[in-house]
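See structure below.
The values are calculated or read from the model by the stated rules, or taken from the named source; none is laboratory data. Just so you know, these numbers come straight off a predicted model, no measurement behind them. Cβ: placed from backbone, ideal geometry, glycine included. Neighbour counts: every protein chain shown.
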Amino acid sequence: MNVAVVPAKNEQGRIGKVLTLLQQTSVEKIVVVVNGSKDDTMQEIKALNMENVEILYFASELGIDVPRAIGAYQAYTGGATCVVFVDGDLVGNIRIQINELIYAVTTNMTDLAMTDCYPELDYSSKLAEQTLFFRTLLNLNLGFYDKIGVATPSHGPHAVSRKLLELIDFRDFAVPPVVLAFAVRQKLSVDVPTKLPQKQLGSKIRNYSHAKKIADTIIGDTIEAINYFSDKPRTRCYLNKEYQGYNPFRRFDILEKFLAVN
């Protein structure tokens, strides 16, 4: 069964479009992880009356990427053979890409299929340039740069196999680059079967402060993944600078409780 995991926090006006789009793909079930929403996200989902949509509701904000981990575990326990991750604000036309990711996992036996969101390395800002430097650094360390470029599970839709789900610590889905490092370490099949430039994702336009924290989050995650791959302590420091971003707001405590009781 192909399951989509969709994190959603304050996605009123967008979440309906995302779920409608997913209904037009090879996705058979959708797990929406609604967390900390203060708007009508829940009502918008329910109004669609889609039989194949399961809602996991959390009153608290789970923090960035933690909803992915919760959704992945829910999909796994429900028998998913392929899980594709799609953020709740991606209103771009990504149907083809979703199908290509699922095809890579279900037919080509890929264990981690990612999207190339930078088919051309267009450094639109200093933050993008810095983030892509660290993504390059990770993929070089993994020995996979020639194959996957700067692709990462942190950016754009991506999909994983049942085989990966059976092996991984689900907490690592909350730090996406670690999933990539894990897959390479386990000698699983990793590929980038589809492309979608960043500007075509249709994600929300945020302010600089948010963009800076997101960049620091991804950079810290990437450093953590490099350390994990090298069997070193999973710190987020590089050249005496620590990159935290939104990492301190990740509710690993809620994730731990969810994994313990489900």
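Brief remarks follow.
- The set of residues from the stretch 1-13 being in contact (Cβ under 8 Å) with a residue 60 or more places away in the chain and either part of a helix (DSSP H, G or I) or over 16 Å from residue 98 (Cβ atoms) (or both) comprises 8, 9, 11.
- Residues that are assigned to a loop (DSSP other than H, G, I, E, B), surrounded by fewer than 19 Cβ atoms within 10 Å (Cβ to Cβ) and in contact with a helix residue (DSSP H, G or I) (Cβ under 9 Å, 6 or more places away or on another chain), drawn from the stretch 219-244: 230, 232, 233, 234, 235, 244
- Whichever residue in the stretch 32-76 is acidic (Asp, Glu) and touching a Lys or Arg at 6+ places or on another chain (Cβ under 8 Å) and, among such residues, is nearest to residue 88 (Cα to Cα): 65
- The stretch 180-194 - residue that is under 15 Å from the mean Cα position of the chain (by Cα) and assigned to a helix (DSSP H, G or I) and, of those, surrounded by the fewest Cβ atoms within 10 Å (Cβ to Cβ): 182
- Residues being free of Cβ contacts under 8 Å to residues at least 40 places away in the same chain, touching a Lys or Arg at 6+ places or on another chain (Cβ under 9 Å) and over 17 Å from residue 259 (Cβ atoms) are entirely absent from the stretch 19-31.
- Screening the stretch 31-67 for residues that are of a type in the set (Gly, Ala, Ser) and assigned to a loop (DSSP other than H, G, I, E, B) and picking the one that is surrounded by the fewest Cβ atoms within 10 Å (Cβ to Cβ) gives 59.
- Among the residues of the stretch 195-217, those identified as at pLDDT below 95, assigned to a helix (DSSP H, G or I) and of a type outside the set (D, E, K, R) are 198, 200, 208, 209, 210, 211, 214, 215.
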